[in-house]
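As structure tokens, the structure follows; a few thoughts come after it.
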Amino acid sequence: MIEPTPTTLQRFLPAALASIGVGALVVAYSAEIVYGLKACNLCIAQRVPYVAIAVIGWTGLRRPRWISSGNLAAAASFVFLIGGIIAIYHVGVEQNLWESATNCGGKVGQIFTVETLQAALELEPPKACDDIDWTFLGVSMATYNAFLSLVLAGITFNTARRIWVTS
């Protein structure tokens, strides 16, 4: 059986996905390490989809025969959509539209003994998820991430559709 020649889009997709995943993580960790911005629990949760995108991209670079480019793009689209949903949730918490379901803000739970109280006082409380450290043009990083994730979900979905139609 003759293998079809991959299109430019199919060859470019895995490298683009790996670059987007790694690039987003570099930006997030640079903001935290170089610029001293503290990440809350939702900020950290927003990084998980980018790790998955990097893995999808790397998998595509060494693509086994059973993974098609269209399926790779569809998986990336789904992961970007999940990342967008997490980021929208974080934006809602930042804007006080709802309370976070995660431990964002160092709310004190029930403390039963003096020892646990002393241990809790020695720990640094987690950063509040509604505390915005950095904005550009009045827009938070979570908002930029929500927009970027949803745009990339649309682009990768359209890419999967185009690959499936031409295959």
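Laboratory data are not the source of any read-out in this text; all were calculated from the coordinates shown. Nothing here was measured: the structure is a model prediction, and the numbers come from that model. We place every Cβ from the backbone using ideal geometry, glycine too, and count neighbours over all the protein chains shown.
Kindly write out, for the stretch 10-15 in residue order, the coupling ³J(HN,Hα) from the Karplus curve 6.51 cos²θ - 1.76 cosθ + 1.60 (θ = phi - 60°), rounded to whole Hz, with x marking Gly and Pro.
5, 6, 7, 4, x, 5
Which order, highest average first, do 29-35, 81-87 follow once you tally other Cβ atoms within 10 Å for each residue and take the mean per peptide?
81-87, 29-35
State, to one decimal in nm, how far the label point of Phe136 lies from the label point of Arg162, with both points 7 Å from Cα in the Cβ direction.
2.6
By per-residue mean of other Cβ atoms within 10 Å, what is the highest-first order of 152-163, 132-143?
Listed from highest to lowest mean packing, they are 152-163, 132-143.
What does the charge add up to near Ile132, with Lys and Arg as +1, Asp and Glu as -1, over the other residues with Cβ less than 13 Å from its Cβ?
On the way: positive: Lys38, Lys127; negative: Glu94, Asp130, Asp131, Asp133.
That sum, taken over residues with Cβ under 13 Å, equals -2.
If I stretch the segment between Tyr144 and Ala101 completely, what's the gain in nm (0.36 nm per residue apart, minus their alpha carbon distance), one decimal?
Gain on extension, Tyr144 to Ala101, equals 13.3 nm.
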